[in-house]
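The values are calculated or read from the model by the stated rules, or taken from the named source; none is laboratory data. Everything numeric in this text was worked out from a predicted model, so none of it was measured. As a convention, Cβ positions derive from the backbone with ideal geometry for all residues, glycine included, and neighbour counts pool all protein chains shown.
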Amino acid sequence: MIHTENLSKTYRMGEVEVQALRDVNLEIKDGEFIAIIGPSGSGKSTLLNLLGCLDKPTSGAVFIDGINTGKLSENALAEIRREKIGFIFQQFNLIHTLNALENVALPMFFAGVGREARLKKAEELLVKVGLGDRIYHKPSELSGGQQQRVAIARSLSNDPEVVIGDEPTGNVDTEAGDAIMDILEGLNRDEGRTIIVVTHDAEIAARAGRTKRMRDGKVLD
Amino acid sequence: MKDTFLLVYRNIRERKTRSILTMLGIVVGIAAVVAIMFISYGMQESITEQLSEMADIIMVTPGSVELGSFGELGSFTERDLKDVERISGVKEAAAMMGEMQEVEYRGEKVMVEIVGIEPRDMDAVFGETVKLEEDGDSGTSASGRELRENDRKACQIGYSVANDYFDYEIGVNDRLTINGSKFRVIGVLEEQGGFRSNVDAQIYVTKRDAVNIFDTRDISSIFVRVRDIGEAEEIADEIEDQIDDNHKLDDFTSAMAMGGAIEDLKSIFSVLQVFLLAIASISLIVAALGIMNTTLMSVMERTHEIGVMKAIGAKNRIILFLFLMEAGVVSGIGGVLGCIVGVIAANVISFGIYTAFDVEIAVVVKLQVLLGGVAVAMIVGILSGLYPARKASKMSPVEAVRYE
Ligand SMILES: Nc1ncnc2c1ncn2[C@@H]1O[C@H](COP(=O)(O)OP(=O)(O)O)[C@@H](O)[C@H]1O
Ligand SMILES: [Mg+2]
């Protein structure tokens, strides 16, 4: 379970301060599929980055399974990102020198999983997202939708309880977007993973179990 | 580990041109150091080899051996020689008579240094190194024979005397006229060069003949070999005292132990070596800056990638390791290539010196220098990569991912 307590984030750019997040209190239960919608600049990405332990709050805290992540060392946070959370970016963010298989295996490499086991699991994951015939392709040889599916496979490689997607369908066409949502839905329905997705698209948001709106750094009820 | 290499390899290959340029810096630096080491080892070895045979020698000459003192030099007597022989620790003492004399060959007259010596003393004076010239192509097995006690009007001649001094080459059994008397050449000596080049320019006759040519019994120098090189200095002092005593003069005799001079030469040589290495090291420093620059650029360019890797769970340590490894691999390969180029360069330099100055310097390749070269390259590379690699590992994942 993830919950936040008065989570706030202020960006400072020289003289200017931007309050991207204001006292957010949010609770996400295990196995939930939650969609967060809101206009651009409302703080959705900021919130997800904090939930995914990619960034530190200015004040307040994120609790994962009851642990205050603000009290953890950098190494411990890296471990949480690696083991408990799968993060999917809008821009896919694959390593372009590595092929699909190696990209998917990378988090397992960081976790110290042996080569054989790693590549086997990576291949299974690629088959699962429908890319069994593309495992040796470099990201540049894949379409946007295919790249995003590789990224999903990568996010699953260490079996995380939570998958976080920051506009995962934002850079792909509708058809590919539907395929991506199908996969995420399946992860939630069939495997019981917690899914947190940010989206612009009301239609996509409708597929989630619960929807939260954001405006001006606040989560509305 | 293998996968880390793979990752690193991909990154190096991705930026091939720059990696190669960086590597080139290391190659040049290491090659310079390695080549200098090998050449100077070679020099050291040939000097030591040539000199070690002379280390037990004491040269006894009248007057101080300072250059430019052309005044009337004294000479030694048979009694001086006997006294020197009696000093304990002296293994052999050989009297030598030397004078410049007019030598005529086929009507051509040249001044050559004539040395009179007892044939049985020749081995003591020359040791193992001076041999008769091998005369392979003309069919005769060797160039003559050595001087014997009962030879009369016979001489052995140095290599330059035989080949360069006169318009016509002189060979065994040719006849020379020395100071009016006819001498038969019974042997031509092998070319010496280096520290013994004086031998090439001399003509050797028996002491008895020398007495006749020079019309004196005076001994111009005494050549001493000692039993123990460690005692050479003391024995030299004793010889000086003894002969000065005989002649009732102060500072009449100069006895120079070659061993000391050799040590001086060696230490001058090691200073030179350090100096050359210091110069070569500058190129290594330049190479280090190159690596640092490359790694920094690599970090900058890959900021986004580092962010992604951290976002999916890479610990700082792994990022640090990846970048250090990249620097280490580039510089390690550079080190290996540098060693190869260094060995080639050393041989080219050695050949160049040989063709230009006719001085042979062997290239001494030592395994520990090669291993050291690669190690130094890698250490330099890794140290230079440390700052940029730390910088990379400390980046915040969000900031880095946002960076495009
Ligand atoms: N690194 C940053 N530095 C400065 N301002 C930022 C930074 N990240 C986000 N912001 C600002 O914070 C606010 C919220 O941004 P973000 O969370 O990306 O919104 P969303 O994802 O909902 O579009 C915006 O006003 C944005 O300009
Ligand atoms: Mg956003």
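Values computed for the structure shown
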item: Set B:G335, B:G352: member being surrounded by fewer than 24 Cβ atoms within 10 Å (Cβ to Cβ) and either away from every other protein chain (no Cβ under 14 Å) or modelled with pLDDT under 90 (or both); result: B:G352
item: Residue within region A:60-81 that is buried (at least 21 other Cβ atoms within 10 Å of the Cβ), within 27 Å of A:N171 (Cβ to Cβ), touching a strand residue (DSSP E or B) at 6+ places or on another chain (Cβ under 6 Å) and of a type in the set (A, V, I, L, M) present; result: yes
item: When residues of region A:20-60 are limited to those that are assigned to a loop (DSSP other than H, G, I, E, B) and of a type in the set (A, V, I, L, M), the one farthest from A:T10 (Cα to Cα); result: A:L26
item: Residue among B:I291, B:I312 that is free of Cβ contacts under 8 Å to residues at least 60 places away in the same chain, buried (at least 23 other Cβ atoms within 10 Å of the Cβ) and of a type in the set (V, I, T); result: B:I312
item: Some residue of region B:221-228 being out of contact with any strand residue (DSSP E or B) (no Cβ under 8 Å at 6 or more places or on another chain) and either surrounded by 22 or more Cβ atoms within 10 Å (Cβ to Cβ) or not in a helix (DSSP H, G or I) (or both); result: yes
item: Residue ranges of strands (runs of 3 or more DSSP E) in region B:107-184 with at least 2 members closer than 30 Å to B:V226 by Cβ and modelled with pLDDT of 85 or more; result: B:108-117, B:154-157
item: Qualifying residues in region B:243-270 (those that are assigned to a helix (DSSP H, G or I) and crowded, with 18+ Cβ neighbours inside 10 Å) - the one farthest from the chain's Cα centre (by Cα); result: B:I243
item: Failed criterion for B:E360 (all others in (1) surrounded by fewer than 20 Cβ atoms within 10 Å (Cβ to Cβ); (2) within 14 Å of chain A (Cβ to nearest Cβ) hold); result: (2)
item: Residues satisfying the stated conditions in region A:67-95, i.e. more than 10 Å from chain B (Cβ to nearest Cβ) and touching a Leu at 6+ places or on another chain (Cβ under 7 Å); result: A:T69
item: Of all residues making up region A:8-19, the number that are under 16 Å from A:A61 (Cβ atoms) and within 16 Å of ligand 2 (Cβ to nearest atom); result: 1
item: Region B:271-302, residues that are under 21 Å from the mean Cα position of the chain (by Cα) and under 15 Å from B:V34 (Cα atoms); result: B:Q273, B:V274, B:F275, B:L276, B:L277, B:A278, B:I279, B:A280
item: Region A:11-59, subset of a type in the set (S, T, Y) and within 14 Å of chain B (Cβ to nearest Cβ), residue farthest from ligand 1 (Cβ to nearest atom); result: A:T58
item: Sole residue being in contact with an Asp or Glu (Cβ under 7 Å, 6 or more places away or on another chain) and modelled with pLDDT of 75 or more, chosen from B:A94, B:A55; result: B:A94
item: Residue list for region A:102-111, filter: at the interface with another protein chain (Cβ under 10 Å from one of its Cβ atoms) and either of a type in the set (A, V, I, L, M) or surrounded by fewer than 18 Cβ atoms within 10 Å (Cβ to Cβ) (or both); result: A:A105, A:L106, A:M108, A:A111
item: Options A:V113, A:V104; residue that is β-branched (V, I, T) and in a helix (DSSP H, G or I); result: A:V104
item: Residue within region B:80-87 that is modelled with pLDDT of 85 or more, assigned by TED's automatic domain parsing to the domain that holds B:N246 and not in a helix (DSSP H, G or I) present; result: yes
item: Within region B:287-318, considering residues that are assigned to a helix (DSSP H, G or I) and under 16 Å from A:F87 (Cα atoms), the one farthest from the other protein chains (Cβ to nearest Cβ); result: B:I306
item: Filtered residues of region A:160-178 (kept if at negative phi, within 16 Å of ligand 1 (Cβ to nearest atom) and touching a strand residue (DSSP E or B) at 6+ places or on another chain (Cβ under 8 Å)); result: A:I164, A:G165, A:D166, A:P168
